[in-house]
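The block underneath contains the structure these notes are about, expressed in structure tokens.
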Amino acid sequence: MFDNLKYVQQIFVALTKLFLFFRDPENQHLATWVQTLAVVAGVVIALNQLDTLTKQDQIKSNERYLEFEKRFSSDISLKIGALYEHYENRNRLNDDEYSKLYTLEGMLKIRREIEIYISDLSTCGNLQVCPKSLVDNNVCAQSKHLHHLLSKELKLPPKWKMSFNEPVFYEWKINEHCNIFERAYYWWST
């Protein structure tokens, strides 16, 4: 125990001598230089901590986006495929054959689930919970494909008593998430 006390006293004496050394007017330039180094070291440490926090936030953001990608791969891509199938089969099947394969409720459910997914992904990017650039690329591409598909006239069986209008939802998403060149090219080419 006395060894530890002696060690602490030696450190205290050394720090006191160091303090007095820097307080001496002859050593003021050296004291200023040491203070400058301490400030620089503090700034470097603060920047390093900020960088670490930023990377952690980016990892969380990427994980959230990855959940949307997983959902797309496992569910939404199948629904988009089913929607394409609806449009392709409608051109080649008569009303009765088409009505046996598909229901209006089923088609509306598929369309709605795709819109909810696109809307959720869009919101995730707009709130910067997910990486905005990845969200913009994804929503832009999906919205252009879906707008193109849903802009085709689909004459549903008369007994369904339903028709679809222009896909305004996807127009809005194209204008919100595609850059000006993508929008100009898409609207010019359609």
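The values are calculated or read from the model by the stated rules, or taken from the named source; none is laboratory data. It should be emphasised that the depicted structure is a prediction, and the values quoted were computed from it without experimental measurement. Note: ideal-geometry Cβ built from the backbone for every residue, glycine included; neighbour counts use all protein chains shown. Only protein heavy atoms, including side chains, enter the accessible area calculation; ligands, DNA and RNA are left aside. Shrake-Rupley method; radii C 1.70, N 1.55, O 1.52, S 1.80 Å.
Numbers for the structure displayed
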| item | result |
| --- | --- |
| Some residue of the stretch 177-186 being touching an Asp or Glu at 6+ places or on another chain (Cβ under 9 Å) and open to solvent by less than 60 Å² (accessible area, probe 1.4 Å) | yes |
| Condition met for Val168 (open to solvent by less than 20 Å² (accessible area, probe 1.4 Å) and of a type in the set (Val, Ile, Thr)) | no |
| Residue that is most open to solvent (accessible area, probe 1.4 Å), among those in the stretch 70-100 that are among the hydroxyl-bearing types (Ser, Thr, Tyr) and touching a residue at least 60 places away in the same chain (Cβ under 8 Å) | Tyr84 |
| Check on Leu108, open to solvent by 60 Å² or more (accessible area, probe 1.4 Å) and modelled with pLDDT under 95 | yes |
| Leu5 being of a type outside the set (D, E, K, R), open to solvent by 60 Å² or more (accessible area, probe 1.4 Å) and either modelled with pLDDT under 80 or in contact with a Pro (Cβ under 9 Å, 6 or more places away or on another chain) (or both) | yes |
| Pairs where the first residue, in the stretch 46-62, is closer than 13 Å to Lys132 by Cα and the second is open to solvent by less than 100 Å² (accessible area, probe 1.4 Å), C-beta under 6 Å, 6+ apart | Ser61/Cys130; Ser61/Pro131 |
| Residue within the stretch 55-77 that is within 25 Å of Tyr170 (Cβ to Cβ) and among the aliphatic types (A, V, I, L, M) present | yes |
| Residue check for Lys79: closer than 30 Å to Ser151 by Cα and among the basic types (Lys, Arg) | yes |
| Candidate set: the stretch 140-184, residues that are assigned to a helix (DSSP H, G or I) and of a type in the set (S, T, N, Q); chosen: the one nearest to Ser77 (Cα to Cα) | Gln142 |
